[in-house]
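Data block below; observations after.
The values are calculated or read from the model by the stated rules, or taken from the named source; none is laboratory data. Small disclaimer: the values here were computed from a predicted structure and weren't measured. Cβ: placed from backbone, ideal geometry, glycine included. Neighbour counts: every protein chain shown.
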Amino acid sequence: MKRVRKLVCVAMPLLFVAGALGQPNFKHFEKDGLSFDYPWGWQVSDQSTGQMQYIQMARDGYAEIRSRAPREWLKTPEKEATAKKLIQDQYIDSFVSQVEQAGMRPKRSVTTSQISGGDAEGARLRAVMDGEPGGMDSYFRIISARFVQMSIIGSDKEIANSTPAWDMIRNSLKVEPPPQPKATPTPKGKP
């Protein structure tokens with residue numbers, strides 16, 4: 001009996017450790033064809049509308065991460081260029097305007113990153129806000145015929161703290177491809 005008790009006493013902590021190690025340290029967001037992984041402890045707020053998926057992710061002491069993806073499928077280069085102007089360029093111009101109205105002078109530079117395993121163009125905006133340097137990095141990429149924009153906003157310290165979350169989200173992001181038209185069956189006997 002003592003031997004069984006000893007075995008149980010040794011086995012129980014091992015089961016708890018094994019259970020904890022087996023649990024993923026991330027959550028998964030999936031809705032309307034857009035999905036990504038994000039770390040435990042982060043809050044996800046879905047602010048989507050009928051025209052655009054807009055997801056905000058935040059955690060105290062960290063930068064805010066945003067993902068915006070219009071629901072329209074982009075089937076031509078002209079639509080892609082229009083989406084860039086309406087989504088990326090206006091978003092950056094609006095951020096610059098807000099920072100300038102607060103009496104700061106943001107510095108803008110071109111930057112690149114990766115989103116969903118592919119190159120993403122972007123802009124980096126920096127200013128001194130509340131005595132700390134910070135700003136926004138905003139990137140975009142066409143994935144599965146949809147425009148996807150991702151941005152990270154905060155002080156440089158918050159952005160640095162958020163790098164693991166930022167990397168997890170942008171690297172795991174997926175967009176389902178547009179629905180394919182169903183083939184119309186050919187009646188028998190007709191070529």
Residue count for region 108-132, restricted to those that are in contact with a Ser or Thr (Cβ under 9 Å, 6 or more places away or on another chain), of a type in the set (A, V, I, L, M), at pLDDT 95 or above and closer than 18 Å to D156 by Cα: 2
Subset of region 145-161 that is touching a Lys or Arg at 6+ places or on another chain (Cβ under 8 Å) and among the polar types (S, T, N, Q) - its residue that is nearest to V96 (Cα to Cα): S151
Test result for M168, touching a Phe, Trp or Tyr at 6+ places or on another chain (Cβ under 8 Å), of a type in the set (A, V, I, L, M), surrounded by 13 or more Cβ atoms within 10 Å (Cβ to Cβ) and more than 15 Å from R68 (Cα to Cα): yes
Output for region 136-184, where each listed residue is over 23 Å from V110 (Cβ atoms) and among the β-branched types (V, I, T): V175, T184
